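Q: Supplied in structure tokens, the structure appears directly below.
The values are calculated or read from the model by the stated rules, or taken from the named source; none is laboratory data. Keep in mind that what you see is a predicted model, and the values were worked out from it rather than measured. Cβ: placed from backbone, ideal geometry, glycine included. Neighbour counts: every protein chain shown. For the accessible areas, the whole protein counts, side chains as well, though only heavy atoms, and no ligand, DNA or RNA atoms are used. Shrake-Rupley method; radii C 1.70, N 1.55, O 1.52, S 1.80 Å.
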Amino acid sequence: MKGHLLSESVSEPSFAVITGTQVRAVLEGDEQSVVSIIEGAYRLHGAGKTVNPPSYFLRFPDRPSDRIIALPASLGGNAAVNGIKWIASYPGNTAAGIPRASAVQLLNDPETGYPLAVLEASVISATRTAASAALAADQISRARNVWPKRIGFFGNGLIARYIHTYLERTGWQFDEIGLYDTDARSLDGFQSYLERSESPGTIVRHSNPRSIVENSDMIVFATVAGVPHVSEPGWFGHAPLVLHISLRDLSPAVVLRARNIVDDVDHCLKAGTSLHLAEQDIGDRHFVHGTLCQVLDKEVSLPADQTVIFSPFGLGILDLAVAKHVYDYLTKEGNLRTVPGFFSDLNRFGDG
């Protein structure tokens, strides 16, 4: 559907507010479908049917660890939509017992530009991140013909939880689940989640970064690190698959010894990411071996005996795709909550 258009059949556009509770109700339990939606968005991006400008960062001189990011985007295809995600990252929130990130997603009609809806988007953001990671884990493992049995979560917060959920509900099982976090509360909380979910696999708590890296076949970096802190290429001598979700954990030395897959080259090589630092060190981008879309199309060779790092910058089109799915689902089910009178003075000449 294309939304509500200003035309003879629709005299007034409508605007909906979609809560986090509604978003979760639509997405939870439908993980495989969401992964397919993310794959479709990547394929549209690879075919040039998206617009995904650079993200815009609002930073604060007196609060250097805090930021708010704007991700504008346009998605083509059958579920065409425009929009923007506005996501705040305040790491200090976790000390108060609330998640680091909060977000809203605005959807705009691609024909009129009128806003269709605003959605609580922290769940959407975590969901698309997890679905992207699960898709990459599956496709890269297929390309290497290697299926990891020991997974390590380096950073044990909300994103780690979502990624584990998506991996498990798309068919992954692990003999061992390794945990490492500098915050004992996060480590305890993640372990508690795993125990409640009755996930198969032995839970192993690691006391240092080297231990979790060397004892994991697949490593998920999901931290709030602003600068690289894992700098020993030798730790990766067993050629693991690395899901580098937080983008700034690995030193250029580690990056340059691996096969590197990204979601979008230009997006990933900016803003002080590990890949951006590697580019600055050597002056070129030859160490980037391809995009996830190229992996999907079997255009990239990924040997089993070399570390593969997937670094997704997190494209705004992914948020759009998931949000549009939620909007369309609620519309179809008759559960879209519109705001009466949200738009006013719609007559151009004031004579209506």
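Q: Quick check on region 197-208. Is at least one of its residues open to solvent by less than 40 Å² (accessible area, probe 1.4 Å), without any contact (Cβ under 8 Å) to a residue 40 or more places away in the chain, closer than 22 Å to VAL35 by Cα and hydroxyl-bearing (Ser, Thr, Tyr)?
A: The answer is yes, given that some residue of region 197-208 is open to solvent by less than 40 Å² (accessible area, probe 1.4 Å), without any contact (Cβ under 8 Å) to a residue 40 or more places away in the chain, closer than 22 Å to VAL35 by Cα and hydroxyl-bearing (Ser, Thr, Tyr).
Q: Continuing with the same structure: So, in region 80-104, of the ones that are touching a residue at least 40 places away in the same chain (Cβ under 8 Å) and assigned to a strand (DSSP E or B), which residue ends up farthest from TYR327 (Cα to Cα)?
A: SER89
Q: Same structure, new question: Please list, ordered by first then second residue, the pairs with beta carbon atoms under 7 Å, 6 or more apart or interchain, first in region 38-65 and closer than 21 Å to ALA323 by Cα, second of a type in the set (S, T, N, Q) and open to solvent by 70 Å² or more (accessible area, probe 1.4 Å).
A: So the pair list comes out empty.
Q: Considering only residues that are without any contact (Cβ under 8 Å) to a residue 40 or more places away in the chain and assigned to a helix (DSSP H, G or I), look in region 313-346 and name the one that is nearest to ALA79 (Cα to Cα).
A: Among those that are without any contact (Cβ under 8 Å) to a residue 40 or more places away in the chain and assigned to a helix (DSSP H, G or I), it is LYS332.
Q: Also, I was wondering about something else. Any idea which residue in region 219-242 is surrounded by the fewest Cβ atoms within 10 Å (Cβ to Cβ), counting only those that are of a type outside the set (Val, Ile, Thr) and at pLDDT below 95? It would help to see each step written out before you state the result.
A: Taking region 219-242 first, the residues of a type outside the set (Val, Ile, Thr) are 221-222, 225-226, 228-229, 231-241.
Filter once more, so that each one left must be at pLDDT below 95: 225-226.
On the way: ALA225: 17, GLY226: 13.
In this case the residue turns out to be GLY226.
Q: Taking the condition of being in contact with a helix residue (DSSP H, G or I) (Cβ under 8 Å, 6 or more places away or on another chain) and either within 23 Å of ARG67 (Cα to Cα) or open to solvent by less than 20 Å² (accessible area, probe 1.4 Å) (or both), how many residues in region 253-278 meet it?
A: 16
Q: Among the residues of region 85-99, write down those that are open to solvent by 60 Å² or more (accessible area, probe 1.4 Å) and under 20 Å from the mean Cα position of the chain (by Cα).
A: TRP86, THR94, ILE98, PRO99
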